[in-house]
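What follows is a single structure, written as structure tokens, with notes after it.
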Amino acid sequence: MMMVRINLSDLYIFKGPFADLALLNKIAADPDVTQSDLAKDLKLAIGTVNNRLKRLVAQGSIEVKRTQRRKLRYHLTPEGLALQQSLTTEYVQQSFQLYRMVREEAQRLLSALIEAGYRAVRLVGEGDIADVCRLTCLENHVELTDNDDAPALVVDGLEIRLEWL
């Protein structure tokens, strides 16, 4: 069994600033959104949302106005719009970096498969990483099969491995 674990620990895409991008995008779409809705939509704790919003207000990216006794309205400032654009650009760059890393590892594993004389593989797994592996198989003219006797290209979270019988 060949196995590789893609090291994504230093990829910015999975770290804090992109939570700020998600907040900025939600606020831009709905200035009347509540912190509770933000927390639920972004799968963050409400305290985390509150702290991030306070930080964005302190740095001048968001302005907050009270519309009713307990109701707030958020507004992106020009600095907030610039931050949103910058984070969006960075997010796209990091997404392509992840795509390239996954594609490179899938190609390495498929090369070993081809060298061993196989031209078909079972793809086991779901999600974006599995989709990149699927495209890499097509690009390398490796047939995707449901045959249980074929080697398997297994996607398990961020791990990609080739399992031989």
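A short reminder: the numbers here are calculations on the coordinates, not readings from a lab. All values reported here derive from a predicted model rather than from experimental measurement. Every residue, glycine among them, receives a Cβ derived from its backbone with ideal geometry; neighbour counts consider all protein chains shown.
Here are the criteria: (1) of a type outside the set (Val, Ile, Thr); (2) touching a helix residue (DSSP H, G or I) at 6+ places or on another chain (Cβ under 8 Å); (3) surrounded by 15 or more Cβ atoms within 10 Å (Cβ to Cβ); (4) within 30 Å of ALA152 (Cβ to Cβ). Tell me which single one ASP131 does not satisfy.
If we test ASP131 against (1) of a type outside the set (Val, Ile, Thr); (2) touching a helix residue (DSSP H, G or I) at 6+ places or on another chain (Cβ under 8 Å); (3) surrounded by 15 or more Cβ atoms within 10 Å (Cβ to Cβ); (4) within 30 Å of ALA152 (Cβ to Cβ), just (2) comes out false.
Of the residues that sit in segment 137-158 and are aliphatic (A, V, I, L, M) and assigned to a loop (DSSP other than H, G, I, E, B), which one is nearest to ARG119 (Cα to Cα)?
VAL142
From the residues in segment 35-90 that are over 14 Å from ALA22 (Cβ atoms) and of a type in the set (Ser, Thr, Tyr), which one is surrounded by the most Cβ atoms within 10 Å (Cβ to Cβ)?
Filtering first and then ranking leaves THR77.
Could you grab the pairs with beta carbons closer than 8 Å, sequence gap of 6+ or different chains, first residue in segment 67-83 and small (Gly, Ala, Ser), second one surrounded by 15 or more Cβ atoms within 10 Å (Cβ to Cβ) and part of a strand (DSSP E or B)?
Listed pairs, sorted by first residue: GLY80/ILE62.
Quick one: count up the residues across segment 120-163 that are in contact with a Phe, Trp or Tyr (Cβ under 9 Å, 6 or more places away or on another chain), of a type outside the set (Gly, Ala, Ser) and closer than 11 Å to LEU109 by Cβ.
The number of residues fulfilling the criteria is 2.
Could you grab me the full set of residues in segment 146-161 that are more than 20 Å from TYR99 (Cα to Cα) and surrounded by fewer than 15 Cβ atoms within 10 Å (Cβ to Cβ)?
Matches in segment 146-161: ASP146, ASN147, ASP148, ASP149.
Among the numbered criteria (1) assigned to a helix (DSSP H, G or I); (2) surrounded by fewer than 16 Cβ atoms within 10 Å (Cβ to Cβ); (3) among the acidic types (Asp, Glu), which one does GLU126 miss?
Of the numbered conditions (1) assigned to a helix (DSSP H, G or I); (2) surrounded by fewer than 16 Cβ atoms within 10 Å (Cβ to Cβ); (3) among the acidic types (Asp, Glu), the odd one out for GLU126 is (1).
Considering only residues of segment 101-123 that are part of a helix (DSSP H, G or I) and of a type outside the set (A, V, I, L, M), which is farthest from LEU158 (Cα to Cα)?
GLU115
Which residues, counting only those in segment 91-107, are touching a residue at least 40 places away in the same chain (Cβ under 8 Å) and loosely packed, with under 15 Cβ neighbours inside 10 Å?
SER95, GLN97 - these are the residues of segment 91-107 that are touching a residue at least 40 places away in the same chain (Cβ under 8 Å) and loosely packed, with under 15 Cβ neighbours inside 10 Å.
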